[in-house]
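Colleague: This is the structure, below, for whatever I ask next.
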DNA sequence: ACTTTATTCAACCAAGTGGTTGACAAGCAG
DNA sequence: CTGCTTGTCAACCACTTGGTTGAATAAAGT
């Protein structure tokens with residue numbers, strides 16, 4: 001257990017039911033019963049999903065009488081967006097470079113374009 | 001098989017090795033052998049990872065002699081960022097509203113703040 | 001034609017996951 | 001105290017997953 005935070009968040013949101021729960025919680029805090037209502041799974045299953053989201057830091061829970069409302073804690077999302085944006089931009093940048101390169105030499109004998117290449 | 005695209009992308013990136021591969025591919029295209037080199041897993045394992053990324057639309061592959069270079073296709077990332085940003089902003093918006101509400105009534109008997117509430 | 005290099009397919013295995021049912025703790029309401 | 005509501009814990013099951021080994025395919029190189 002206890003994988004790196006990024007893996008946990010990605011993994012937590014890889015489930016449609018869990019993403020759905022996040023969508024609901026974005027509107028407002030809710031209890032397990034309220035969250036389970038739209039689905040035809042047991043309460044325990046939803047409780048498990050909630051625990052996964054909690055473990056990933058997506059959700060926090062409080063105590064309020066016998067209810068334990070779940071609250072969306074959207075800060076961890078930044079972790080993901082930062083990772084994603086980094087490589088998306090890097091890939092796009094590379095694409096632009098290659099594009100410019102191809103445009104700059106329209107008649108060269110095409111040196112195979114091995115960016116990482118370096119085969120021995 | 002064939003889960004929704006969003007689940008597939010999230011799931012694909014939930015593995016650290018796979019994220020690592022994406023990071024490498026952001027620098028430039030690479031073959032299975034090149035990608036497998038830094039890890040002490042078998043070639044087949046990396047080939048599987050690549051297939052997962054391909055299935056998620058994160059990576060495309062071409063044929064070039066006997067090599068099959070993998071290329072990062074960062075467009076699907078937009079799908080994720082859109083989803084994430086949506087609920088992050090929604091949650092932050094809700095937070096601001098609640099904050100303003102609490103500030104506006106500093107002595108009310110606190111009507112329990114049930115945003116979804118509505119229990120029958 | 002034979003060999004080497006690059007990659008995949010197939011079968012298998014241990015561990016993880018999403019779901020279930022059943023028992024149990026913790027609060028309120030009589 | 002007794003019961004009802006809300007929620008969790010524990011054990012179990014089918015299926016997926018990341019990994020392995022071994023055989024197979026594909027394109028060169030000799």
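Just so it is clear, none of the values below were taken in a lab; they were calculated from the coordinates. Since the model is a prediction, treat every value here as computed from it, not as a measurement. All Cβ positions, glycine included, derive from the backbone under ideal geometry; neighbour counts span all protein chains shown.
Colleague: Find the percent of Cα-Cα distances in segment A:43-104 that exceed 19 Å, and round it to a whole number.
Modeller: 56
Colleague: Let me ask something else. Label position 7 Å from Cα toward Cβ: report the copy-to-copy distances for residue A:64 in nm, one decimal, ordered from shortest.
Modeller: 5.7
Colleague: For label points placed 7 Å from Cα toward Cβ, what is the shortest-first list of nm distances from residue A:20 to its copies?
Modeller: 3.6
Colleague: Going by average Cβ neighbours within 10 Å, how do the peptides A:41-47, A:29-35 rank, with the highest at the top?
Modeller: Sorting A:41-47, A:29-35 by mean packing, highest first, produces A:29-35, A:41-47.
Colleague: For residue A:79, place a label point 7 Å from Cα along the Cα-to-Cβ direction in every copy; what are the distances to the other copies, in nm, shortest first?
Modeller: Going from nearest to farthest copy, the values are 2.3 nm.
Colleague: Give me a single rounded figure for B:25-36: the average over its residues of other chain Cβ atoms within 10 Å of their Cβ.
Modeller: Counting Cβ atoms of other protein chains within 10 Å of each residue's Cβ and averaging gives 4.
Colleague: Ok, one more. Subtract the Cα-Cα distance of residue A:41 and residue A:60 from 0.36 nm times their separation in residues, and report this length gain in nm to one decimal.
Modeller: 4.6 nm is the gain from fully extending residue A:41 to residue A:60.
Colleague: Tell me, what is the FRET efficiency for residue A:68 and residue B:79 to the nearest 0.05, using R0 = 30 angstrom and their Cβ-Cβ distance as r?
Modeller: 0.40
Colleague: Partner chain Cβ atoms within 10 Å, averaged over the residues of B:16-23 - can you pull that number for me?
Modeller: 3
Colleague: Also, quick follow-up: Taking the Cα atoms of segment B:1-49, what is the range of coordinates along each of the three principal axes, in descending order and whole Å?
Modeller: 32, 23, 16
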